[in-house]
Structures are given as C-alpha cells and as structure tokens.
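Only one structure is covered here, and it is reproduced in the block below.
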Amino acid sequence: MNGLWTALLGLGDQLAAHVLLSAAAIALGIAVALPLAVWASQSEKVARASLAFASLVQTIPALALLALFFPILLSLRAVFGEGLPTLGFLPALLALALYALLPILRNAVTAQANLDPGVIEAAEGVGMSFRQRLWLVEAPLSAPYIMAGIRTAAVWTIGAATLATTIGQKSLGDPIFAGLQTQNWVLVLAGCIASAGLALVADTLLGLIERGFRERRRRLWLGGLVAVSLGVGAALFAQFGGSEDDDRIVIGAKGFSEQYILARLIGQRLEAEGFAVEYRDGLGSAVAHSAAASGDVDVYVDYTGTIWANQMKRTDSLPREAMYDELVAWETENTGMRVLGRLGFENAYGLAVPQERANMSGLQSIEDLARVAPQLTIGGDPEFFERPEWIAVRDAYGLRFGEKRNFSPTFMYNALVSGEAHVIGAYTSDGRIEADNLAILADPKGAFPNYDAIILLSPAAGRNAALVAALEPLVDAIDVGAMREANYSVDREEDKLSFDEAARRLAARAGL
C-alpha cells in the first residue's frame with residue numbers, strides 16, 4: 001500500500017495535465033455541439049447529418065482517432081507554418097473534442113425536439129423573438145438533458161484522454177503505459193485509480209449542476225460550476241503557475257523499456273548542464289521521426305535499420321559503415337536533422353524461440369524455421385508485422401506462419417514463455433532474452449538490416465552547441481551488455497528499478 005500511495009502522490013503533474021486536456025476537450029465539444037443543436041432544431045436534414053457524423057466518429061477507436069490527427073496537422077503545418085504543433089496538446093484536444101461531441105449533441109437535439117409545443121406557442125404568442133425564446137424558454141427547459149449529455153461526455157473523455165500519451169501529451173496514461181511496459185502493476189493501478197477518481201469527481205460535480213437546473217435551484221448549479229472552475233484553475237496553476245521556462249528540451253521516446261531508459265539518460269545529462277527537459281514518451285517510430293524533423297521533439301534515440309527501411313524506403317542491406325554514412329547524408333539532405341553518433345550497441349530485430357524448442361526442433365536459423373512455420377504462431381509488437389523489415393524477412397525466407405498475433409513488447413515475451421506464441425520478433429538488446437533462455441535464430445541471408453542505436457537531433461537542436469557538447473560523451477559509450485542489464489533491471493518481476501534509476505546505473509557503468 002505504501003508503494004501505491006507513493007505512486008499516487010507522484011502523479012500531480014500528470015493529473016493537472018489530464019484535467020486541462022479533458023476540460024478543454026469537453027468545453028470545445030460543448031462549443032460545437034450546442035450551436036449545431038440549435039441549427040438542427042430548425043432543419044431535420046441538419047439534425048440527421050450532424051448526428052450521423054457524431055455517431056461515425058464514435059465508431060473510430062479513440063487511439064486511432066488520436067493518431068490520425070498527427071498526419072492531418074503535419075499536412076496543415078505546410079500551409080500555416082512551423083508554429084502549428086503536431087504533437088501533444090492540440091491533436092489530443094481536437095480528437096477528444098470530437099469524441100465528446102456525440103452525447104452532448106444527441107441530448108441537446110433530443111431535448112429541443114421534445115419541448116412542449118404549447119410552451120413554444122405561448123412564447124411566440126407574447127411576442128418573444130427567436131433569440132429571446134431560445135435563451136428564456138428553450139435553454140432552461142433543455143438544460144437538465146444537455147447536462148446529462150455533458151456528464152456522459154466527461155466520463156468518456158477523461159477515460160480516452162489516457163491514450164493521449166501515445167501522441168506525446170502528458171496525461172494519466174503516462175504511468176499506465178510505463179507500468180504495462182515494465183509490468184509494474186503499482187504504476188498501472190495508480191494511473192487507473194487517478195483516472196477513475198477524476199471521472200467520478202467530474203461526474204459528481206456535473207451531476208450537481210444538472211440537479212440544480214432540473215430543480216430550478218440556482219445555488220446548486222452555481223456551486224457546482226464554481227467547484228469545476230476551481231478545479232480547472234488549480235490545474236492551470238499547477239501546470240503554468242510556477243514555470244517561466246519556455247526553452248525546455250523535449251526528449252522523445254518510443255514505447256519500450258530501452259527507449260524510456262535512454263531518454264532519461266539523455267535528460268539527466270542535459271539537466272546536469274543546466275537545461276530544463278520534458279519527456280514525450282510512448283511514440284511510434286514514424287511519429288517520433290516526423291516529430292523530430294518538424295522540431296516538436298528536440299532529441300531522441302532511433303535505430304539505423306528502422307530509418308533505413310521505414311523513412312528511406314530502402315530494401316537493400318549494406319555493410320554497417322556504408323549504411324550509417326548514407327543515413328547521415330540522407331537525414332542532412334532531406335530532414336535537416338543531425339545524427340550525433342552511435343551509442344555503441346545494436347538493438348536489432350531478431351526471431352526468437354525458447355532454447356528448448358530450438359534444440360528439440362533443430363532450429364538454428366530462420367531457414368530452419370521456415371520448414372515448421374505453418375504449424376507455429378508468431379508474435380510481434382504492435383507495429384512489427386506492418387514494418388518493411390518483417391516483409392523483407394518474410395519474403396526472403398518464404399515464412400508462412402499458422403497465426404500472427406500482436407502483443408505489447410512486455411507481454412510478447414510472456415506469450416512466448418507461456419506458449420501463446422511459439423516465435424516472436426524480439427529485440428536483441430533485451431535482457432529478457434538471457435533471463436528467459438531464448439535463442440535468436442541466425443539470419444544467413446542478411447534480410448534484417450543493421451540496427452545501431454543513434455542519437456538524432458532536430459534541426460534547431462543540432463545547431464545548439466551547448467546541447468551537442470552535453471550529449472557527445474554518450475557516443476560509443478554503451479555496449480550491448482550494459483544495455484541488456486539496464487533493460488532487464490526495469491523489466492524483471494522483482495526488485496524493479498525505475499527508468500531514472502536504471503539510467504543512472506547505466507551512466508555509471510558506461511563511465512559517464
């Protein structure tokens with residue numbers, strides 16, 4: 001219980017960001033839904049079209065809706081200029097506002113449609129204009145029903161906002177995603193409790209406002225409104241009241257343990273040199289690269305093979321040095337990003353099987369695996385089977401598995417140990433390979449490219465001499481053994497280290 005309480009107390013920053021994001025999304029949803037409902041009350045076609053659109057949005061998974069706004073804003077950035085953010089608050093706000101739209105709009109349209117015609121006729125009979133009738137008659141009668149829709153939208157939005165972590169927005173999803181990655185269930189539970197608690201508090205306060213409108217008790221709805229305003233004000237103060245530093249260095253990280261650790265290692269070095277830092281965790285590969293190229297992220301760690309296949313669209317495989325040199329030249333010419341250097345280890349994709357199965361079935365290479373693949377289930381991380389590297393390996397060896405299954409990186413290893421999967425697309429620098437006694441199958445055709453870990457700087461960060469000087473000692477400083485040890489220290493079931501602690505130990509082992 002002490003660990004859970006400590007974790008909950010450490011969520012103040014994420015809670016404040018979550019409150020602001022949810023409140024802004026609900027407010028934007030209300031601002032769109034209510035005028036649309038008034039228009040819909042005057043036109044049946046508008047009512048049908050608007051409700052159909054809102055219902056369509058609800059059929060899109062919240063995670064997909066959040067992700068879709070990244071490429072949309074990236075395209076708009078070319079029109080409106082570099083000042084338009086493509087990650088973080090803005091895309092999360094727009095996606096969640098759309099998600100909140102349906103319950104508010106539906107309740108508002110229903111309330112308008114079910115108003116007593118006699119009341120409307122009486123208002124018209126005493127000479128009220130449309131605006132007077134709307135504000136003095138229709139709005140008070142519709143308010144309880146609209147508030148019921150806002151309550152539903154608030155609960156939905158607060159829950160969906162945890163997914164904003166995946167597009168770089170700080171939220172209560174941060175501890176949930178980090179905890180799932182490392183199987184730290186205290187962190188997961190803390191994030192869930194905080195999110196659920198926030199939803200309950202919001203629903204209670206909005207329910208008070210609804211009751212005040214329904215019972216015509218001004219003190220009730222006014223008191224609820226004041227309480228909501230105070231909560232949002234406190235979140236604003238927590239986020240911005242004591243901060244005057246707008247020159248923070250934004251450090252990106254993809255959604256697995258190694259990336260979290262390396263991001264903290266970079267952050268600790270920069271903080272030691274006087275920089276203020278901010279982390280954007282849980283990003284996908286394409287999002288992280290685009291964010292750094294556009295300046296939304298200042299620095300992050302990527303892998304040569306990932307950029308080679310995904311961004312450069314190369315299908316050939318060059319020797320390590322030649323690949324690195326071409327990649328550096330490509331980034332300079334096409335994105336303006338600076339490749340600071342290699343960290344000193346490789347984290348390649350490799351097909352892993354339990355050592356016992358490898359011995360029993362005579363599996364030493366991917367060629368051997370192709371013979372028995374139709375009887376096996378292969379597991380991969382959420383993006384593995386869509387990556388060009390997998391397609392190249394699949395086609396090079398003629399791999400045809402009986403079933404493909406997606407897992408989060410942590411559960412992928414659990415699935416292999418438990419028999420839910422027989423083969424996985426593993427990471428060669430992962431400490432669980434040795435801990436779980438796994439065998440990485442040889443790749444005699446060289447279908448997988450090299451995956452040297454490299455530090456990438458955005459165009460602006462690459463010109464920052466002080467930042468470059470702070471990070472240069474990391475180049476060639478970390479070997480694969482040290483990285484495996486650091487990864488396992490946060491992934492093991494007992495005596496887990498936090499990402500910050502693992503980063504400090506890694507720095508000490510690397511002599512930094």
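D by Stokes-Einstein for the range 413-512, Kirkwood Rh over Cα pairs, 25 °C, 0.890 mPa s: 152 µm²/s.
Can you tell me what share of the DSSP beta bridges in the chain is antiparallel? A percent to the nearest 5 is fine.
On the way: 17 of 30 bridges.
Here the antiparallel bridges make up roughly 55 percent for the chain.
With both labels modelled 7 Å from their Cα along Cα-to-Cβ, the ALA196 to GLN239 distance reads 2.5 nm.
Computed from the C-beta positions of ASN334 and GLU271, the FRET efficiency with R₀ = 22 Å rounds to 0.10. Summing Lys and Arg as +1 and Asp and Glu as -1 over all other residues whose Cβ lies under 12 Å from the Cβ of GLY350 gives a net charge of -4. For ALA396, neighbours were defined as the other residues whose beta-carbon sits under 10 Å from its Cβ, and their charges (Lys and Arg +1, Asp and Glu -1) total -1.
Given the C-alpha centroids of the range 207-221 and the range 244-280, what is the distance between them in whole angstrom? What the calculation gives is 46 Å, centre to centre.
Normalised by the residues of the range 349-440, what does the relative contact order come to in percent, with Cα pairs under 8 Å and at least six apart?
Numbers: 132 pairs, mean separation 42.2, N = 92.
The normalised contact order for the range 349-440 reaches 46 percent.
Take 149-155, 334-340 and order them by the average number of nearby Cβ atoms within 10 Å per residue, most first; the result is 149-155, 334-340. Approximating the spin labels as points 7 Å out from Cα along Cα→Cβ, the GLU494-to-ILE391 distance works out to 4.6 nm.
In straight-distance terms, cross-link reach from LYS496 covers every one of the lysines whose alpha-carbon lies under 24 Å from its own, apart from those fewer than eight places away in the same chain; here that gives LYS170, LYS254. Could you tell me the center-to-center distance, by alpha carbons, between the range 166-182 and the range 405-468 in angstrom? Here the answer is 19 Å between Cα centres. Computed from the alpha carbon positions, the gyration tensor of the range 1-90 leads to an equivalent ellipsoid with semi-axes of 33, 21, 13 Å, biggest first. Once the Kirkwood radius over Cα pairs is known for the range 162-280, the Stokes-Einstein relation at 20 °C and 1.002 mPa s delivers a diffusion coefficient of 126 µm²/s. Angle of helix 320-334 to the longest C-alpha principal axis of the chain, folded into 0 to 90 degrees and rounded to 10: 30°.
Report the FRET efficiency, 1/(1 + (r/R0)^6), for ALA442 and VAL79, where r is their Cβ-Cβ distance and R0 is 30 Å, rounded to 0.05. For R0 = 30 Å, the calculated efficiency reads 0.05. Please work out, to two decimal places, the log10 of the ratio I(q)/I(0) at q = 0.15 Å⁻¹ from a Debye calculation in which every Cα of the range 2-241 carries one identical scatterer. Rounded to two decimals, the profile gives -1.07.
Between the range 50-93 and the range 299-319, how far is it from one alpha carbon centroid to the other, in angstrom? Distance between centres, Cα-based: 27 Å. For the range 481-512, backbone nitrogen atoms closer than 19 Å to the point 7 Å from ASN414 Cα along Cα-to-C-beta are found at 487-499.
At the listed q of 0.08, 0.12 Å⁻¹, the Debye profile of the chain, built from one uniform point per Cα, gives log10 I(q)/I(0) equal to -0.60, -1.13.
Return the tail of the calculated pair distribution for the range 349-440, meaning the percent of Cα-Cα pairs more than 21 Å apart. Please report the intermediate quantities before stating the final value.
On the way: 850 of 4186 pairs.
Pairs farther apart than 21 Å: 20 percent.
Once the other residues with Cβ under 13 Å from the Cβ of SER365 are scored (Lys, Arg +1; Asp, Glu -1), what is the net sum? Neighbourhood net charge equals -1. Amide H contacts for TYR303 (H built 1.01 Å from N in the peptide plane; partners 5 or more residues away or on another chain; cut-off under 5 Å): ILE454.
A short reminder: the numbers here are calculations on the coordinates, not readings from a lab. The shown structure was predicted, so the numbers you read here are calculated from the model rather than taken from an experiment. All Cβ positions, glycine included, derive from the backbone under ideal geometry; neighbour counts span all protein chains shown.
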